[in-house]
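Q: Take this structure first; my questions come after.
Throughout, read-outs are computed from the coordinates displayed, never taken from laboratory work. Predicted model, so just to flag it, every value in this text is computed and none were measured. Please note: Cβ atoms are built from the backbone with ideal geometry, for glycine as well, and neighbour counts cover all protein chains shown.
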Amino acid sequence: MIHTSTAADPTTTPPPGTKRSTYFYIAVALISLIGLADATYLTIEHITGQSVRCTIVAGCSEVLSSKYALVAGVPLAMIGATAYFSVFSLATLAAFGYRFAGKLLNVLVAFMLLVSLWLIYLQAFVIHSFCQYCLLSAAVTFVAAALLFLRWRNS
């Protein structure tokens, strides 16, 4: 039997707010690419032993050469690049309607937000220097968290 009713079919009609949620997820995916580029640059510079040049603030060398720049021998920037790639992937999946990806994305970005706050604290009160690339990464994480918060609030 062919179904020709024009009434809303709950199996095919997206719930209200889904289109708006898709836009939030797309925005998070796009903003995460900035963080991915930033973290990838820092990872490459670290692995090749190059000195990162600061153009806005004069503390990159102090921050990036501190003991906090490595976690169990792995460059923190490499962990950041992996996190941003995961954010991009999960946000893309969530934009295509995978609800579980959206839930994982929320948890990951919340964790990244806490780590960013900790790293800003370390720069300000322990290292006493700031790295513009690290601050950009934190800003990207804050924007992603704000977008996900707004998506949650609007749904």
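Q: Once both axes come from the Cα atoms, what is the angle between helix 18-48 and the longest principal axis of the chain, in degrees from 0 to 90, rounded to 10?
A: 20
Q: Same structure, new question: I need the phi-derived Karplus couplings for segment 145-153: 6.51 cos²θ - 1.76 cosθ + 1.60, θ = phi - 60°, integer Hz, Gly and Pro marked x.
A: Each residue of segment 145-153 in turn: 5, 5, 5, 5, 5, 5, 4, 5, 5 Hz.
Q: Enumerate the amide H contacts of Leu70 below 5 Å, restricted to partners 5 or more residues apart or on another chain; note that Pro and chain-start residues carry no placed amide H.
A: Under 5 Å from the amide H of Leu70: Leu76.
Q: Could you list the trypsin sites (Lys or Arg not before Pro) in segment 48-155 that lie in coil according to DSSP, counting only those with at most 13 other Cβ atoms within 10 Å of their Cβ?
A: On the way: sites: Arg53, Lys67, Arg99, Lys103, Arg151, Arg153; in loops: Arg53.
Hits after loop and neighbour filter: Arg53.
Q: Next up: Taking the Cβ of Leu76 as the centre, find all other residues whose Cβ is under 14 Å away and add up their charges (Lys, Arg: +1; Asp, Glu: -1).
A: Numbers: positive: Lys67; negative: Asp38, Glu45.
So the surrounding residues net to -1.
Q: Of Ala110, Phe142, Ala95, which is farthest towards the positive pole of the chain's charge dipole, taken about the Cα centre with +1 and -1 on the beta-carbons of Lys, Arg and Asp, Glu respectively?
A: Ranked along the dipole, the leading option is Ala95.
Q: Could you compute how fast segment 21-91 diffuses translationally, taking Rh as the Kirkwood radius over C-alpha pairs and applying Stokes-Einstein at 4 °C with viscosity 1.567 mPa s? Give it in µm² per second. Display every interim value, and only then the final one.
A: On the way: Rh = 13.1 Å.
Answer, rounded: 99 µm²/s.
Q: Could I ask something else about it? So which chymotrypsin sites (Phe, Trp or Tyr not before Pro) in segment 56-141 end up in coil per DSSP with only 13 or fewer other C-beta atoms within 10 Å?
A: Loop-located and lightly packed - Phe96.
Q: Net charge near Leu105: determine it from the other residues with C-beta under 15 Å of the C-beta of Leu105, scoring Lys and Arg +1 and Asp and Glu -1.
A: Taking every Cβ under 15 Å from that of Leu105, the sum is +3.
Q: Counting every Cα pair in the chain, what percent are over 18 Å apart?
A: Here the tail beyond 18 Å accounts for 61 percent of pairs.
Q: Now for a different question. If one takes the longest principal axis of the Cα atoms in the chain, at what angle in degrees, from 0 to 90 and to the nearest 10, does the Cα axis of helix 76-95 lie?
A: Result, in degrees: 10.
Q: What percent do you get for the relative contact order of the chain when only Cα pairs under 8 Å and 6+ apart count?
A: That works out to 35 percent.
Q: Projecting each Cα onto the charge dipole of segment 18-154 (Lys/Arg +1, Asp/Glu -1 at the beta carbon, about the Cα centre), which of Gly80, Tyr23, Ala58 comes out farthest on the positive side?
A: Tyr23
Q: Relative to the Cα centre, what is the charge dipole magnitude of the chain, using +1 at the beta carbon of each Lys and Arg, -1 at the beta carbon of each Asp and Glu, and rounding to the nearest 20 debye?
A: The calculation lands at about 360 debye.
Q: Under the definition of Cα pairs under 8 Å and six or more residues apart, what whole-number percent is the relative contact order of segment 63-108? Kindly include the intermediate steps, with their values, before the conclusion.
A: On the way: 21 pairs, mean separation 11.0, N = 46.
It rounds to 24 percent for segment 63-108.
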